[in-house]
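Okay, so here's the structure we're looking at.
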Amino acid sequence: MTELILVLDFGSQVTQLIARRLRETGVYAEILPFDTDTKRIAALAPKGIILSGGPMSVVDEGSPRAPMAVFDMGVPIFGICYGQQTMCQQLGGKVISGDTREFGRANLKIAASSPLFQGLWDYDTQHQVWMSHGDKVDHLPDGFQVIATSSGAPYAAIADESRKFYGVQFHPEVVHTPDGKALLERFAKVICGCGGDWTMASYREQAIAAIREKVGDEGKVICGLSGGVDSSVTAVLIHEAIGERLTCVFVDHGLMRKGEADEVIRLFGDQYNIPLIHENAADLFLDRLDGVTDPEAKRKIIGAAFIDVFDKAAASIDGAKFLAQGTLYPDVIESVSVTGGTSVTIKSHHNVGGLPDDMALELVEPLRALFKDEVRALGRELGMPETLVGRHPFPGPGLAIRIPGAITREKLDLLREADAVYLDAIRKAGLYDEIWQAFAVLLPVRSVGVMGDARSYDHALAIRAVTSTDGMTADVYPFSHDFLTHVATRIVNEVKGINRVTYDITSKPPGTIEWE
Ligand code: XMP
């Protein structure tokens, strides 16, 4: 059984980073809500438990608490920020509201030797950490001592060495705590005794065994392919597990980037030799989208058309009882609501394989435990080409949501060309891997230009490039001025029909990554 560190989530924005950092050190970590049933926790037999940060104040009535039973499970516990405070409060200490809030960098001084710090931090130097708190511990529970201080937090790190309970006021999971990952690693490996042997090679073996067990010796699986990383890695992994009993369905909605549809067919049909049904449904999608301008209407039409086409293709595969989906871990983490807020739908997402429940197919989701960067690592482990594995995310509705206003074949062709030139320039400049997503948007605007001695009246194009870790927030990529003017010149020269290029400099929030 894989060794597990369990992270109980109190709703911090950065809880996911705790699991990611641990996994980077070869220790498998999972996140569950703070109020998870203790029987479920015990059944997972974690080697250690981390209590995350959270947005509430432990002094507020009704603020969340860890299940008391976790303190009696005999496993090490590590409380981070809110997690430290609730642990103190629950074990008989006291937390007070601070007069001042402390945000940002702080310097940590070691106050007592602890196995948590040994070989990592010493007494003589100060260590940079990232703080973000208002409350602070005022009185320690019995058995605890201070092991590090900072000017704003006299209880910056505390320990009850006999029970192996630790707490820190700062956030080791963020990059602004440079040694934070090493600290989490020490907790997992030295304090909890994890071996750190969770690698993509071992994951590949386990996942293949799990697929074989689920599907059995006879079962057949259908997998929707989009040309993106997640569905591609899903398909190759399942193919490795069950061979020809996997059939891929590629619904070609005519909204792909330049050359992408051909590449999917070549790679999966020819190179991997996976049985592939290629549904060329561009006419159907474009007919249904004819004259539609509302972004949500476009998304819904594409989602429904996808299901129609996919359903029909799937029905033609005899005896298939399983449907493969490239669901990732961020989609399955059970969300925590500690503030009782409600969220609004910004966009209705459409994903390949996002099919209705009445398909009566059982799901196979071999990537459910993985973050996006881990899926890429798994793809590399499977020997998949870097051009595919390192590819930027691409939305299910494709180029339709990058053409504000009505979609036509002409506009799609224009956008495909411009997008290809833009991406080529980025690749040639060696910038592709530094960017989360780069793409062009064909604007419903024409403007006057002068080319040679002639007047032009052509389309304007926006180009966008963002950095992000998960697509939830994004920063604009800081291209040099030279690069931007070089790209603009290339696009206007090489793509007939575009005479103006703008660079979108909106971060997310307030913008979203896609325009629709
Ligand atoms: P937004 O535009 O919401 O996008 O900031 C965040 C990330 O999600 C991608 N995206 C989608 N992916 N189906 C998908 O599979 C969709 O309907 C969809 N809409 C947006 C977007 O490209 C970005 O990576």
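Other residues within the sphere of radius under 15 Å centred on the Cβ of Ala111, judged by their own Cβ, net out at -3 (K and R +1, D and E -1).
Surface composition of the stretch 200-320: carbon and sulfur make up 47 percent of the accessible area, probe 1.4 Å. Among Leu120, Leu246, Met73, which residue has its Cα furthest toward the positive end of the charge dipole of the chain, with +1 on Lys/Arg Cβ and -1 on Asp/Glu Cβ? With unit charges placed on the Cβ atoms, the residue in question is Leu120.
Rounded to the nearest whole Hz, the Karplus-based 3J(HN,Hα) values (6.51 cos²θ - 1.76 cosθ + 1.60, θ = phi - 60°) of the stretch 55-66 follow the sequence x, 8, 10, 5, 7, 6, 5, x, 5, x, 10, 6, with x at glycine and proline.
Size descriptors for the chain (Cα atoms only): Rg and Dmax, in that order, 26.1, 85 Å.
Computed from Cα positions, the angle between helix 481-494 and the longest principal axis of the chain comes to roughly 20 degrees. When Rg and the Kirkwood radius Rh are both evaluated on Cα atoms of the stretch 4-191, their ratio Rg/Rh stands at 0.92. Extension gain for the segment Arg368 to Ile208, taken as residue separation times 0.36 nm less the Cα-Cα distance, is 56.3 nm to one decimal. Among rounded, prolate and oblate, which fits the stretch 21-66 when a ≥ b ≥ c are the square roots of the eigenvalues of its C-alpha gyration tensor, a/c under 1.5 means rounded, and a/b larger than b/c means prolate? It comes out oblate by the Cα gyration axes. Assign one of three labels to the stretch 93-170, namely rounded, prolate or oblate, based on the Cα gyration tensor with a ≥ b ≥ c the square roots of its eigenvalues; rounded applies when a/c is under 1.5, prolate when it is not and a/b is larger than b/c, and oblate otherwise. Verdict is oblate for the stretch 93-170.
Counting other Cβ atoms within 10 Å, which GluC sites (Glu not before Pro) in the stretch 13-63 have at most 16 and lie in a DSSP loop? Could you put the intermediate results ahead of the total?
On the way: sites: Glu24, Glu30, Glu61; in loops: Glu61.
For GluC sites (Glu not before Pro) across the stretch 13-63 that sit outside H, G, I, E and B with at most 16 neighbouring Cβ atoms in 10 Å, the list reads Glu61.
Note on the stretch 4-191: with charges restricted to the Cβ of Lys and Arg (+1) and Asp and Glu (-1), its dipole about the Cα centre is near 440 debye. Protein heavy-atom accessible surface, 1.4 Å probe, per residue over the stretch 200-389: 46 Å².
For Ile77, what is the net charge nearby, where nearby means another residue's Cβ is under 12 Å from its Cβ and Lys, Arg count +1, Asp, Glu -1?
Numbers: positive: Lys47, Arg163, Lys164; negative: Asp72, Asp160.
Every neighbour counted, the sum reads +1.
Its DSSP H runs of at least 4 residues, each contributing -39,500 (n - 2.57), put the calculated 222 nm mean residue ellipticity of the chain at -8500 deg cm²/dmol, to the nearest 500.
Between the Cα long axis of helix 15-24 and the first principal axis of the chain there is an angle of about 90°, rounded to the nearest 10. Seen against the Cα atoms of the chain and their longest principal axis, helix 372-381 is set at about 70 degrees.
For Trp130, Trp198, Trp515, the ranking by accessible surface with the largest value first comes to Trp515, Trp130, Trp198, using a 1.4 Å probe.
Pairs Lys411/Lys496; Lys300/Lys496; Lys298/Lys347; Lys136/Lys189; Lys258/Lys312: which exceed 20 Å Cα-Cα?
Working: Lys411/Lys496 12 Å; Lys300/Lys496 32 Å; Lys298/Lys347 11 Å; Lys136/Lys189 28 Å; Lys258/Lys312 26 Å.
With Cα atoms farther than 20 Å apart: Lys300/Lys496; Lys136/Lys189; Lys258/Lys312.
Near His139, the amide H atoms lying under 5 Å from its own belong to Lys94; only residues 5 or more places off or on other chains count, and H is placed 1.01 Å from N. The mean sequence separation of alpha-carbon pairs under 8 Å and at least six residues apart, normalised by the residue count of the stretch 454-512, gives a relative contact order of 48 percent.
Within straight-line reach of Lys508, meaning a Cα separation under 20 Å, sit the following aspartates and glutamates at least 8 residues removed in sequence or on another chain: Glu296, Asp331, Asp433, Glu434, Asp470, Asp475, Glu516.
When restricted to Cα atoms, the stretch 200-389 yields an Rg and a Dmax of 17.1, 52 Å, respectively.
What is the stretch 408-503 by shape, rounded, prolate or oblate, if you read a ≥ b ≥ c off the alpha carbon gyration tensor as root eigenvalues and call it rounded for a/c under 1.5, prolate for a/b larger than b/c, and oblate otherwise? Prolate. Across the chain, the mean sequence separation of Cα contacts (distance under 8 Å, 6 or more residues apart), normalised by length, yields a relative contact order of 11 percent.
The values are calculated or read from the model by the stated rules, or taken from the named source; none is laboratory data. All values derive from a computational prediction rather than experimental measurement. Counting neighbours? That spans all protein chains shown, and the Cβs are built from the backbone with ideal geometry, glycine included. Please note that ligands, DNA and RNA were not included when accessible areas were found on the heavy atoms of the full protein model with its side chains. Shrake-Rupley method; radii C 1.70, N 1.55, O 1.52, S 1.80 Å.
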